[in-house]
Amino acid sequence: MNFLPNTDKDREDMLKVIGVGSIEELFSDVPSSLRFQGGLNIPPGLSEYELAKHMAGLASTNTAQDFVNFIGAGSYDHYIPSVVRHVLGRSEFYTAYTPYQAEISQAVLQSIYEYQTMICELTGMEAANASMYDGASAAAESVTIASGLTRRKRALVSKSVHPEARTVISTYAEAQDIQVEEIDYKNGVTDVGCLAGRLGNDVACVVVQQPNFFGLLEPVDEISARVREAGATYIVSVNPMSLGLLRPPVEYGADIVVGEGQVFGNPMAFGGPYLGVMAVNKKYLRRMPGRLVGMTTDGQGRRGFVLTLQTREQHIRRERATSNICSNQALNALAATVYLSWVGKKGIREVGEQCVQKAAYLAGKISGIKGFSIAWEAPFFNEFTVKCPVDAGKVVDALLEKGIIAGYPLGRSYPELKDHLLIAVTEKRTRQEMDDLVAGLEGLA
Amino acid sequence: MRSPEPLIFEISKPGRKAYSLPALDVPAKSLEDLLPASEIRSEPADLPEVSEVDLVRHFTRLSQLNHGVDIGFYPLGSCTMKYNPKINEEVANLPGFNCIHPYVPEELAQGALQLMYEFQDYLAEIAGMDHVSLQPAAGAHGELTGILIIRAYHRSRNDLKRTKILIPDAAHGTNPASAALGGFTVVEVPSDSRGGVDIEALEEAMDETVAGLMLTNPNTLGLFDENIERIEKIVHGKGGLLYYDGANANAILGISRPGDMGFDVLHFNVHKTFGTPHGGGGPGSGPVAVKAFLEPFLPVPTVVLDNGKYRLDYDKPQTIGQMKSFYGNFLVMVKGYAYIRSLGPDGLREASRNAVLNANYILRRILEYYDLPYDRHCKHEFVVSPSRIKRNTGVRTLDISKRLLDYGVHPPTNYFPMIVDEALMVEPTETESKETLDYFADVLIAIAKEAYENPESVKSAPHTTVVGRLDEAGAARNLNVRWERPE
């Protein structure tokens, strides 16, 4: 199958206009020694039916979709309403490029402006960009912003931040000679004493996650005060879904808020594409990476939307740009915009409350099982850590037989937590599913 | 003329709702028993309150204000706006791809891992490389990955003096930005009179302080660099590596392979070359392919096959680390994989051959009015300049682009590459018919004539869009990046 409309006759006519005898002549500037001989060693083309069948076969070789999922750890199984897929299926949105020609891109531009507004509402921050690749890369780029602004080269990152986000931060930082130091956790949250000991006027930023990777609420005010004293930038990575219920990070002094926006209308999809949320206060605006949409008017005074402050970006500023980002996650941001419009002012609070109630119910039940306990005391949103009587990986394996993926074994990222299991719920998990998990765990006790 | 659409906030009304959630089926506790009161939000986030029909009409009406590949011609240079096959969208929506968490046990995701493993293989074969990482989320992200690999390679040999990356003046803006973010100093190499890299300047710039050269071939002028073999010898001769920017790979599929040209590392833009949609700016996918000696530095994880089982391999002690969470933009990989399986080796080669034919056809049709800075056959795209038109009428590239909007065509890339005055960069792609190419050429000629006869009409275009030219300077000066509820 190919998608070529031209006929042999068309091609002949076109070659005549060009003034060459064959398509081959158009490649005469490729040295013959570099011409690829023979055919590429990839399977022959398929018809649409054959392709559909092959792809369905691969999809059904996966079986995870048939299990009840209790893994969170940065990707959450929230309900995605049908309107999201409907709107994203409009090819005016999905077959468009970046909205450089504003007059014929008002759909993309206005929807991004709506998205930016919603992120500002949730976080309390003054401006949000059009999206980053994901929460982890947004965190990494925010460290770059902080180092540039403060002209300091140390970044303190709590060990209760998502392990993959910490790895990405280190990957980005290393190239810019930013030294990343990890701050230990104590009782499941950032050890503020340890943080205070490491802070100083050479620290560019402190990165924490709220709720943290273990699901727990961090002492964000206490951390904020310490960060302020040191004159560093306070970077907070949030679960944006929690912000319908929890206070916005502006209230505890965040300078840059990042987060994984997958929770808003984007499927788990084996890890991507997701949505990097980034919001800042005005002081940081001109250093923010990525695209930004602003409201303006045309010559007749009609309202319209354009990409703005583009002089921060690579296509104008080249090696002096605030970042190299070009393509972003626009369609995932649109999914978030549609989701947030659907769930609305009241619904987002209700989703948050259901998460808290269900997580509390499940944690309560599990803590009653002999040998299992809730690892730490701090309050949590939709995710919590269970200390198991055996290796947590074994617990997960055992529960697979019951059609349940019980959670994320923390030993995969924290060798000291081999018997700890991270369990998440969403509004989708029913009492029956949670009771089944509990019954399964009881069988192991 | 289409009418503007209010903001979703402006059609919001207290008490309306679209959502429905299952009733809470566990015993409800008082929220204050579960969370400290101080942690609970005092003011609700002011999200819209709309009905489902309001919501659907809002986004549907809004969508009608946008141009897309499915609506009309989109010859945006260096962006490869080819047709996005619908079956690929459909298969990417299968629950077996959508509803799997990235951390599920590997035995529950064998289909996804197999797809990734085979996609790695196909891309390596097309590139003429040995190993692939699918993790980068976009082209620029792939560039940064490649640059970090080059950096890690030199450091692993304790060769710390290589602090520079050479980049031709015609390069995409992401190249220098990626090199800078990767910790390098950027040295620009000029182009020669044929539009390729100036060999003498390259020889002069290339020394033991240079880590590598980033090159797009064919370059942003749409010209294949005839001296690529000499370039390869110069850079490798001084111990540098060659990076291939795959943004223009749509010209060479099955025709010439970057690995065979001597490149050591490259990225592909799956959302350009392999037919996945651009989504209004993303998501893309920017896999990186390397020669065998750079494999130890790839980001983790990659997918490997062990005794008939696919698994994620994190065991790379010299890895640069991770570029993003998890494994990359998986659903984009699904679509790119489906595209390669549809076309097969013959289809890919025909795609490139026809992309090049289509570009050359438009080029030859418009030369009476537009000027070609380098008189050669182009590859998949070309750059012309309306310099005569500008000189005689004052009408500029921007004006011509805006006038194109009235004809239902997306304008070519404007003012890039910067080495051509008033550049118009045209990339038709292979999925456009001769009729479409003729229409576009006719319109460009009509606009050129109009510029001579009635320049004001071109300078004041567009005339038929929902808004006219927007005040960009005003937008930056009076920054308004979020809606505020009127008092």
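Here, each number is a calculation from the coordinates, and none is a lab measurement. What you see is a predicted model; the values in this text were computed from it and never measured. All Cβ positions, glycine included, derive from the backbone under ideal geometry; neighbour counts span all protein chains shown.
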_Estimated [θ] at 222 nm from DSSP helical runs (n ≥ 4, -39500 (n - 2.57)) normalised by residues in chain A, nearest 500_ = -11500 deg cm²/dmol
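Work out the FRET efficiency for A:LYS402 and B:ASP438 from their Cβ-Cβ distance, taking R0 = 51 Å, and round it to the nearest 0.05. List each step's numbers first, then the result.
Working: r = 64 Å, r/R0 = 1.25.
Rounded to the nearest 0.05, the efficiency is 0.20.
Once you have the alpha carbon radius of gyration of segment A:209-302, what is it after dividing by 2.2 N^0.38 Å, with N set to its residue count? Write down the numbers at each step before the final one.
Working: Rg = 16.3 Å, N = 94, 2.2 N^0.38 = 12.4 Å.
Normalised Rg, Cα atoms only: 1.32.
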*Any idea which of A:CYS326, A:PRO415, A:SER28 is furthest toward the positive side of the dipole for chain A, if Lys and Arg beta-carbons carry +1 and Asp and Glu beta-carbons -1?*
A:CYS326
*asked:* Between segment A:49-67 and segment A:115-191, what is the separation of their alpha carbon centroids in Å?
replied: 37 Å
*Inter-label distance for B:ASN158 and A:GLU181, nm, one decimal - labels placed 7 Å from Cα along Cα-to-Cβ*: 2.9 nm
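Assign one of three labels to segment B:349-477, namely rounded, prolate or oblate, based on the Cα gyration tensor with a ≥ b ≥ c the square roots of its eigenvalues; rounded applies when a/c is under 1.5, prolate when it is not and a/b is larger than b/c, and oblate otherwise.
On the way: a/c = 1.65, a/b = 1.53, b/c = 1.07.
Prolate.
Calculated from DSSP H runs of 4 or more alone, at -39500 (n - 2.57) each and per residue, what is the 222 nm mean residue ellipticity of chain B, nearest 500? Can you show the working numbers first?
Details: 17 runs with 180 residues, N = 487.
It lands at -11000 deg cm²/dmol.
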*asked:* If every alpha-carbon in chain B counts as one equal scatterer, what log10 I(q)/I(0) does Debye give at q = 0.13 1/Å?
replied: -1.29
*According to a simple spin-label model (label point 7 Å from Cα along Cα-to-Cβ), what is the distance in nm between A:GLU377 and A:GLU222?*
1.2 nm
_Quick one: the Cα spread of segment A:71-202 along its three principal axes, in angstroms, biggest first?_
53, 36, 27
*Report the Stokes-Einstein translational diffusion coefficient (µm² s⁻¹, integer) for segment A:301-374, Rh taken as the Kirkwood radius over Cα pairs, at 10 °C with viscosity 1.306 mPa s.*
92 µm²/s
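Take the alpha-carbon positions of segment A:82-339, form their convex hull, and give its projected area averaged over all directions (one quarter of the hull surface) in nm². Write down the numbers at each step before the final one.
Values: hull surface 55.8 nm².
That works out to 14.0 nm², a quarter of the Cα hull's surface.
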_Farthest positive-ward along chain B dipole, Cα basis, beta-carbon charges - from B:HIS380, B:HIS267, B:VAL197_ = B:HIS380
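Report, in debye and to the nearest 20, how large the dipole of segment B:40-158 comes out about its Cα centre when Lys and Arg carry +1 and Asp and Glu carry -1 on their Cβ.
Here the size comes out at about 540 debye.
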_Vicinal HN-Hα couplings computed from phi for segment A:399-409 (Karplus, 6.51 cos²θ - 1.76 cosθ + 1.60; Hz; Gly/Pro x)_ = 6, 4, 4, 9, x, 10, 9, 6, x, 10, x
_For chain A, take the longest principal axis of its alpha carbons; what is the angle in degrees between that and the long axis of helix A:48-61, to the nearest 10 within 0 to 90?_
20 degrees
_If you fit an axis through the alpha-carbon atoms of helix A:330-367 and take the longest principal axis of the Cα set of chain A, what angle between them do you get, 0 to 90°, nearest 10?_
20 degrees
_From phi via Karplus (6.51, -1.76, 1.60), per-residue ³J(HN,Hα) for segment A:69-83 in Hz, x at Gly/Pro_ = 9, 10, 8, x, 6, x, 8, 10, 8, 7, 5, 10, x, 4, 4
_I need the Debye-formula profile for chain A: one equal scatterer per C-alpha, no solvent, reported as log10 I(q)/I(0) at q = 0.06, 0.11 1/Å, two decimals._
-0.32, -0.94
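Which entries in the list B:LYS335/B:LYS379; A:LYS16/B:LYS82; A:LYS153/A:LYS394; A:LYS159/A:LYS365; A:LYS159/A:LYS346 go over 30 Å, if you measure between the two C-alpha atoms of each? If you can, show how the numbers build up before the last one.
Details: B:LYS335/B:LYS379 25 Å; A:LYS16/B:LYS82 24 Å; A:LYS153/A:LYS394 42 Å; A:LYS159/A:LYS365 28 Å; A:LYS159/A:LYS346 34 Å.
Listed pairs above 30 Å: A:LYS153/A:LYS394; A:LYS159/A:LYS346.
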_Relative to 2.2 N^0.38 Å, what does the C-alpha radius of gyration of segment A:253-334 come to as a ratio? Two decimals please._
1.28
*In Å, what Rg and Dmax follow from the Cα atoms of segment A:13-127?*
24.2, 65
*Approximate spin-label separation A:ALA56-A:LYS418, in nm, with each point projected 7 Å along Cα-to-Cβ*: 4.6 nm
*asked:* Per 0.36 nm of contour for each residue apart, how much would the distance between A:ARG35 and A:ASN281 grow if the chain were fully extended, relative to their Cα-Cα spacing?
replied: 83.2 nm
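At most 16 other Cβ atoms within 10 Å and a DSSP loop assignment: could you name the GluC sites (Glu not before Pro) in segment B:313-387 that fit?
Those that pass, being in a loop and sparsely packed, are B:GLU368.
For each pair in A:LYS283/B:LYS324; B:LYS161/B:LYS233; B:LYS402/B:LYS449; B:LYS164/B:LYS324, compute the distance between the two Cα atoms and list the pairs where it is over 18 Å. If you can, show how the numbers build up before the last one.
Details: A:LYS283/B:LYS324 27 Å; B:LYS161/B:LYS233 20 Å; B:LYS402/B:LYS449 15 Å; B:LYS164/B:LYS324 25 Å.
Table pairs above 18 Å Cα-Cα are A:LYS283/B:LYS324; B:LYS161/B:LYS233; B:LYS164/B:LYS324.
Roughly how big is the protein assembly as shown's charge dipole about its Cα centre, with Cβ charges of +1 (Lys, Arg) and -1 (Asp, Glu), in debye to the nearest 20? Don't skip to the end; give the middle numbers.
Working: 91 positive and 115 negative charges, 271 e Å.
My answer is approximately 1300 debye.
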*Expressed as an acute angle from 0 to 90° and rounded to the nearest 10, what is the orientation of the C-alpha long axis of helix A:8-18 relative to the principal long axis of chain A?*
70 degrees
_Working only with C-alpha atoms, what are the Rg and Dmax values of segment B:8-65, expressed in angstrom?_
16.5, 49
*Separation of segment B:439-487 and segment A:211-243 by C-alpha centroid, Å?*
44 Å
*Name the residues whose placed amide hydrogens come within less than 5 Å of the amide hydrogen of A:LEU246, ignoring near sequence neighbours (fewer than 5 apart) on the same chain.*
B:ARG41
*Using the alpha-carbon centroid of each, what span in Å lies between segment B:1-79 and segment B:100-115?*
32 Å
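Contour minus end-to-end for B:ASN454 and B:ASN392, with contour as 0.36 nm per residue of separation and end-to-end as the Cα-Cα distance? Each step should come with its number before you reach the end.
Numbers: separation 62, 0.36 × 62 = 22.32 nm, distance 1.21 nm.
Additional length available on full extension: 21.1 nm.
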*Could you compute the FRET efficiency for B:LYS309 and A:ASP391, with r as their C-beta to C-beta distance and R0 at 22 Å, rounded to 0.05?*
0.55
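Placing +1 at every Lys and Arg Cβ and -1 at every Asp and Glu Cβ, with all other atoms neutral, what dipole size does chain A have around its Cα centre, in debye to the nearest 20? Can you show the working numbers first?
Working: 43 positive and 50 negative charges, 203 e Å.
Its charge dipole is roughly 980 debye.
In square nanometres and to one decimal, what's the mean projected area of the convex hull around the Cα atoms of the protein assembly as shown?
Values: hull surface 142.9 nm².
Computing the convex hull of the Cα atoms and averaging its projections yields 35.7 nm².
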*Farthest positive-ward along segment A:82-339 dipole, Cα basis, beta-carbon charges - from A:ILE178, A:PRO248, A:LEU307*: A:LEU307
*With the calculation restricted to Cα positions, what are the radius of gyration and Dmax of segment B:86-342 in angstrom?*
18.1, 57
*Please give the FRET efficiency for B:LEU21 paired with A:ASP202, using the beta carbon to beta carbon distance and R0 = 41 Å, rounded to the nearest 0.05.*
0.25
